[in-house]
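Written out below as structure tokens is the structure these notes cover.
Quick note: the coordinates plus some simple rules give every number you see, no bench work behind them. On a predicted model such as this, the values are computed, not experimentally measured, just so you know. As a convention, Cβ positions derive from the backbone with ideal geometry for all residues, glycine included, and neighbour counts pool all protein chains shown.
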There are 2 protein chains.
Amino acid sequence: MQVNLVEVGPRDGFQAIPAIIATEEKEKIIRGLYDAGLRRVEITSVVSNRALPQLSDAGKIISFGNQLSGCLTQVLVANAKYATTALKQGAKKLVFVVSASQTHNQKNVRLSVEESLREFREIAAMHPPTTPLRVNIATALDCPFEGTMSVSKVMHLVEQILAISANVELAICDTTGRNSPRRVTTLFNRLISDFDQENWVFHAHDTYGMGIANCLAAWHEGVKTFDSSIGGLGGCPYAPGSSGNVATEDLVWLFEDMSIDTGVDMDMLLTVAETASSLPTALTGGKVRQALKNIRSA
Amino acid sequence: MQVNLVEVGPRDGFQAIPAIIATEEKEKIIRGLYDAGLRRVEITSVVSNRALPQLSDAGKIISFGNQLSGCLTQVLVANAKYATTALKQGAKKLVFVVSASQTHNQKNVRLSVEESLREFREIAAMHPPTTPLRVNIATALDCPFEGTMSVSKVMHLVEQILAISANVELAICDTTGRNSPRRVTTLFNRLISDFDQENWVFHAHDTYGMGIANCLAAWHEGVKTFDSSIGGLGGCPYAPGSSGNVATEDLVWLFEDMSIDTGVDMDMLLTVAETASSLPTALTGGKVRQALKNIRSA
């Protein structure tokens, strides 16, 4: 058995770090992730440089990613304008983001959900057919402003997305990390049984310590692709000071111990995790990195 | 649906803290746990004061526990001599500990497994019949010295225990925390189907971030009683610097979000968690405490 891991540290992780990371340092980490065996990396996002100066080197990072043979690098965008820029800069796969919650979508990308779907229509038309365009459904389980998202609301959004383009990969994002496996199970169960769609992804946050349990719940429902972040890098803008994405090394540990192949070399991964988690002002997460370090120096 | 939580912070947590905690401070925390709704607390262990000075106030703590109406306090012991002392000091329920691994048992309690079983026979004979004597099977999944424990080895030990006394509660302890849900599922599945025994407990460590996922796996197999430690207090002597038991507040979060009643008031629990995790030289774990603190101050 095999699982596909998508490393989102260079985007979701780096964007949460206040101190600007030198482009060379980012490239070193991306190279390390690639060398450890990760072949899908969300390397950056094309966004307003003013809003997110940390990612203002997106063009250089995309070029760097394109040099890594066999690496499917993906770039996050929230509108057609930035999608155009990202494709011009060489992005091979785009990730479009829209929230299930109106309030979150408005605060996150300054668009209503309907406006976002119009952007999506344009992006779907320009996306290269060689790989499916990915859609991140943010706040798919719970919204920091509106609370629990109903399953039917998410189902309706998925329906609208698939009506615009069926050639997509759909990522369910637990933005707040405030959800337990029960809700993850219920949502994926419904999605997978109701939609004739194979490319499901789960994007877990570990803010409340449920990340690994939630990933396992999604796996049991048939999800085969998971996002995670090296060193647990990332944050939660709605609970400042809290850690973010589930840590790649913890997810690798889980799957490998269950005899599910991740294609990742743990020792090489830990070296990158050490570098990434030492970045100034970085908030880190996960437990495996520290446990293995402690046991090896004991 | 309901789950039974056994708070082990005052024993497993405190014993891992190097700086001696004043008896009054311990009592304050135990009272806080009780007030938050926890009705089963492993309050101390009767052991050699030289080996574990932190717990040398066991007699006073047992007396204190006996004043909490309706609280089933339990006391850990590793041999008949200390069991006699604990009962004399007023202990109402004992927890006997034996490891599945010979090497670990020898290092942990300086007895062979066979010698431990002889101690167990004596303790079973002296234990009050009002509540079942509990047996902790340490290293039931994995040993820091011998590695993975085979299911049949654990089955054989359980068989030997039940042949001596059938009126027991059996706790499967993931001493290293190095196990994934797959192994937890396999072991409990076999134990529950092969033994006519209802009182199973799971004692999870979160050293590798698998604690919550492992508890959920045990729950799905039919386990209804779980150990946890306030603030994630506790450590791992085999990976010094690593955190220990799964945090009570994370476990309460998991179960309550799944509509499984824990009987615990989260706000009152967080107050105790804050006190416990502020103990000098304490290693803490868990995520819910920090996430809720951050979100409330955001």
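Structure notes:
- The mean number of Cβ atoms from other chains found within 10 Å of a Cβ in peptide B:208-221 is 6, as a whole number.
- Of the DSSP H helices in chain A, those whose Cα atoms cover at least 15 Å axially and whose Kyte score averages -1.0 or more: A:113-126, A:151-164, A:181-194, A:211-221, A:266-277
- Unsatisfied cross-links (Cα-Cα over 32 Å) in the set B:Lys92/B:Lys293; A:Lys287/B:Lys88; A:Lys81/A:Lys153: B:Lys92/B:Lys293; A:Lys287/B:Lys88
- Exposure proxy order (Cβ contacts within 10 Å, fewest to most) of A:Trp219, A:Trp253: A:Trp219, A:Trp253
- Cα extents of the stretch B:111-234 along the three principal axes, largest first (Å): 39, 31, 31
- Among beta bridges that DSSP assigns inside chain A, antiparallel share in %, nearest 5: 10
- Residue order, fewest to most beta carbons within 10 Å, for B:Met126, B:Met210, A:Met1: A:Met1, B:Met126, B:Met210
- Inter-label distance, nm, simple model (7 Å from Cα along the C-beta direction), B:Glu146/A:Glu146: 5.6
- Taking a sphere under 13 Å around the Cβ of A:Val272 and counting the other residues whose Cβ falls inside, with K and R at +1 and D and E at -1, yields a net charge of -4.
- Distance-filtered residues of the stretch B:37-75 - backbone nitrogen under 19 Å, label point 7 angstrom along B:Asp267 Cα→Cβ: B:37-38
- Per-selection Rg to Rh, the stretch B:4-297 - Cα, Kirkwood hydrodynamic radius: 0.93
- Among beta bridges that DSSP assigns inside the protein assembly as shown, antiparallel share in %, nearest 5: 10
- Rg to Rh quotient for the protein assembly as shown, alpha carbon positions, Kirkwood Rh: 1.01
- Trypsin sites (Lys or Arg not before Pro) restricted to DSSP loop in the stretch B:1-102 with at most 14 other C-beta within 10 Å: B:Arg50
- Neighbours of B:Val109, meaning other residues whose beta-carbon lies under 13 angstrom from its beta-carbon, give a summed charge of +1 when Lys and Arg score +1 and Asp and Glu score -1.
- With contacts taken as Cα pairs under 8 Å at a separation of at least 6 residues, chain B carries a relative contact order of 20 percent.
- Nm distances between copies for B:Lys81, ranked from closest, using label points 7 Å along Cα→Cβ: 7.9
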